[in-house]
Number of protein chains: 2
Amino acid sequence: MPKVTDAHRAARREQILTAAGNCFARKGFHATSMADVIGEAGLSAGAVYLYFRSKEEIIVGVAGEVFAGIEARLLEFVGRDEPPGPADIADFLVQQPSIARQRAPADFFPLLLSVWSEASRNPTVNAVAGRVIAELRVLLGQALHRWMDAGHPCAMDPDQLASVIISLVQGLVVQQAIDGQPPLEQYRATLRALFEAAQ
Amino acid sequence: MPKVTDAHRAARREQILTAAGNCFARKGFHATSMADVIGEAGLSAGAVYLYFRSKEEIIVGVAGEVFAGIEARLLEFVGRDEPPGPADIADFLVQQPSIARQRAPADFFPLLLSVWSEASRNPTVNAVAGRVIAELRVLLGQALHRWMDAGHPCAMDPDQLASVIISLVQGLVVQQAIDGQPPLEQYRATLRALFEAAQ
DNA sequence: GTCTATATCCGGATAGAC
DNA sequence: GTCTATCCGGATATAGAC
């Protein structure tokens, strides 16, 4: 196999996953047909089925990309020298670019919500989502632990607090996906006030 | 129309919605077929289509019931004499029976998640969900307002805080639906600690 | 009012030409 | 490697008997 082919294959896969992500963001997993994905990708049925065996595989692929993006950003953030506190972490997570990378929130929030919903039933997606959430809990728990060790006493268990912070982001995504409320900036400000009062 | 017929009709509708709710909780809206609902209800296709014009109508009906249950419980709670504070409200909302009425959380959480996901795209479900979330925000905002007026100073805006509390419940539902974590009791305890520290 | 049987349509996946 | 045409299964909704 020549080198070109590998790069080509990767690009095609990416092209298909991006197209599928757009469709899924608009219509959800089950309401989008393969014809939609094929059309959005500008390819033919035969080409798409060469790279993915089934619609299921594409769904899993898109879910994987969504989580990978979120996790990468968070890893970078907590890896800095100064351990961030609850307020900083919440603040960072609620920033739209950190949740939604390239895609606009209006598209990304429903997509993320679809992935969670799918994860509650589809075993493969569940495995991906479950692994990522577990990793996020550990990551945040460790960061908070370091933060407390660095001289910030706190009455709450860092690992429990990690789940709470994740909830705050998930809840925001749910509400924003449904009625576009509350405004991100106000939400950020309230979380900061909450955590600074609790410290 | 004789009286019996009205009661009969209501009972049939309820029978169908309950059966549909069970199916949706297991497989989600789009993966359950009308045949599934018909079988679970123990009726025939003709009978079901006599009470609901389409699958869409059934979905909307189930979504409406889900929200009605949650709202009724909350209304009862905030209507008591002593205005509840953030810790009390969060505590109440996280109790499984208050979220999940009859159904077990393991069934109800994925169902609720499906409803939210559907609400992000289906205009009719969105209208129902949006109205309920808006009402919950107002309801909680008013309760918190009364609580602050009753001598509990708080740095945060009550209306903003309402959205935050709703998020905390929504996030719990998402996480529980995906991997059954965190344990409800621990989560409740952490929220109580958080809000009591912040007061 | 309720059931059975079915018309009709649509979506996923494949086969074979180029 | 890619495209076109097509097949097959299954799902929704209806028609008509009882």
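Every read-out reported here was derived from the displayed coordinates using simple, explicitly stated rules and does not represent laboratory data. Keep in mind it's a predicted model, so treat the numbers as computed, not measured. Using ideal geometry, Cβ is built from the backbone for each residue, glycine included, and neighbour counts are taken over all protein chains shown.
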**Report entry** Two-decimal Rg to Rh for chain B - Kirkwood Rh, Cα set
**Finding:** 1.04
Requested in this report: Please report, in debye to the nearest 20, how large the charge dipole of the stretch B:7-127 is about its Cα centre when each Lys and Arg carries +1 at its beta carbon and each Asp and Glu carries -1 there.
Outcome: 540 debye
Query raised in the report: How high is the relative contact order of the stretch A:1-71, given as a whole-number percent (alpha carbon pairs under 8 Å, six or more residues apart)?
Result: 35 percent
Query raised in the report: Could you list log10 I(q)/I(0) for the protein assembly as shown at q = 0.08, 0.11 Å⁻¹, which the Debye formula gives when each Cα is one point scatterer?
Result: -0.46, -0.83
Query raised in the report: Taking a quarter of the surface of the Cα convex hull of the stretch A:97-137, what do you get in nm²?
Result: 3.1 nm²
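How much length would be gained if the chain were fully extended between A:Arg13 and A:Gln95, taking 0.36 nm per residue of separation minus their Cα-Cα distance, in nm to one decimal?
So the chain would gain 26.6 nm between A:Arg13 and A:Gln95.
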Query raised in the report: At A:Ser54 and B:Arg53, where each label point lies 7 Å from the Cα along Cα→Cβ, what is the point-to-point distance in nanometres?
Result: 3.6 nm
Report summary line: Under the helix-only model (-39500 (n - 2.57) for each DSSP H run of 4 or more, divided by the residues of chain B), the mean residue ellipticity at 222 nm, to 500 deg cm²/dmol, is -26000 deg cm²/dmol
Query raised in the report: Which distances, shortest first and in nm, link B:Gly180 to the matching position in the other copies, using label points set 7 Å out along Cα to C-beta?
Result: 4.1
Query raised in the report: Taking Cα atoms, how many degrees apart are the long axis of helix A:158-179 and the longest axis of chain A, rounded to 10 and kept between 0 and 90?
Result: 50 degrees
Query raised in the report: Of all the C-alpha pairs in the stretch B:1-67, what % are more than 13 Å from each other?
Result: 60 percent
Requested in this report: With just the Cα atoms of the stretch B:37-114, tell me how far they stretch along each of the three principal axes, in Å, largest first.
Outcome: 51, 24, 18
Report summary line: Shortest first and in nm, the label-point separations between B:Arg80 and its counterparts in the other identical copies (7 Å out along Cα→Cβ) come to 4.3
Requested in this report: Give the residue from B:Gly21, B:Ile38, B:Ala7 lying farthest towards the positive end of the charge dipole for the stretch B:1-54; charges sit on Cβ (+1 for Lys and Arg, -1 for Asp and Glu) and the dipole is referred to the Cα centre.
Outcome: B:Ala7
Report task. Could you size up the charge dipole of the protein assembly as shown around its Cα centre, putting +1 on the beta carbon of Lys and Arg and -1 on that of Asp and Glu, and report it in debye to the nearest 20? Result -> 1320 debye
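Using a 10 Å cut-off on Cβ to Cβ distances, tally the other chain neighbours for every residue of A:180-192 and report the average as a whole number.
Averaged over the peptide's residues, the number is 3.
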Query raised in the report: Counting partner chain Cβ atoms within 10 Å of every residue's Cβ in B:148-156, what's the average?
Result: 2
Requested in this report: Determine the distance separating the Cα centre of the stretch A:175-199 from the Cα centre of the stretch B:31-53; give it in Å without decimals.
Outcome: 42 Å
**Report entry** Simple Cβ-charge dipole of the stretch B:57-137, Lys/Arg +1 and Asp/Glu -1, about Cα centre, in debye nearest 20
**Finding:** 220 debye
Query raised in the report: Taking only C-alpha pairs under 8 Å that are 6+ residues apart, what is the relative contact order of chain A in percent?
Result: 24 percent
Query raised in the report: Can you work out the FRET efficiency for the pair A:Asp6 and B:Arg80, with r the C-beta to C-beta distance and R0 = 45 Å, to the nearest 0.05?
Result: 0.10
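Neighbour counts of other C-beta atoms within 10 Å: give me B:Leu184, A:Leu75, A:Leu172 arranged from fewest to most.
The fewest-first ordering by Cβ neighbours comes to A:Leu75, B:Leu184, A:Leu172.
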**Report entry** the stretch B:66-174: radius of gyration over Cα atoms, expressed as a fraction of 2.2 N^0.38 Å
**Finding:** 1.08
